[in-house]
Amino acid sequence: GAGWAREDKIAAIGVKVRRWVSFHGVSLNVEPDLTHFDGIVPCGIREHGVTSLVDLGVPATMDEADAALKSAFQEVFGPVKADNPAGGAP
């Protein structure tokens, strides 16, 4: 659809290194209330806003998005260990 030509931010990757320990994370906007981003300038780029999968016409559940991210990760980095018993990402 027409939304595919937009250059709005849909995800973020964060990396922090502190005392020789790395912290990292990934976020993907699946179906958030986009009005919460009204006051945010994503990555300092004023020409673009924030979007989500649902806003782009891709209805997906969190479980579907999680499975897709895990599958893509495994294609690049290989198999991952069993799910974290604490419920977080492996």
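Is region 28-44 home to any residue that is in contact with a strand residue (DSSP E or B) (Cβ under 8 Å, 6 or more places away or on another chain), modelled with pLDDT of 90 or more and surrounded by 10 or more Cβ atoms within 10 Å (Cβ to Cβ)?
Going through region 28-44, the residues in contact with a strand residue (DSSP E or B) (Cβ under 8 Å, 6 or more places away or on another chain) turn out to be 28-29, 34, 37, 40, 42-43.
Checking which are modelled with pLDDT of 90 or more leaves us with 28-29.
Applying the additional criterion that residues be surrounded by 10 or more Cβ atoms within 10 Å (Cβ to Cβ) yields 28-29.
Yes; the residues of region 28-44 include at least one that is in contact with a strand residue (DSSP E or B) (Cβ under 8 Å, 6 or more places away or on another chain), modelled with pLDDT of 90 or more and surrounded by 10 or more Cβ atoms within 10 Å (Cβ to Cβ).
Would it be correct to say that V15 is in contact with a Leu (Cβ under 8 Å, 6 or more places away or on another chain), loosely packed, with under 13 Cβ neighbours inside 10 Å and not in a loop (DSSP other than H, G, I, E, B)? No: the conditions fail for V15. Just one of (1) part of a loop (DSSP other than H, G, I, E, B); (2) modelled with pLDDT of 90 or more fails for Q74. It is (1). Counting the residues of region 45-73 that are open to solvent by less than 50 Å² (accessible area, probe 1.4 Å) and among the aromatic types (F, W, Y) gives 0.
Considering region 46-81 alone, what residues qualify as being in contact with a helix residue (DSSP H, G or I) (Cβ under 9 Å, 6 or more places away or on another chain) and more than 24 Å from H36 (Cβ to Cβ)? Listed by number, the list holds a single entry, V80.
The values are calculated or read from the model by the stated rules, or taken from the named source; none is laboratory data. Note that the coordinates shown come from a computational prediction; the quantities given were computed from them, not determined experimentally. Here Cβ is always computed from backbone atoms with ideal geometry, including for glycine, and neighbour counts include all displayed protein chains. Areas reflect the complete protein model, heavy atoms only, side chains present, ligands, DNA and RNA absent. Shrake-Rupley method; radii C 1.70, N 1.55, O 1.52, S 1.80 Å.
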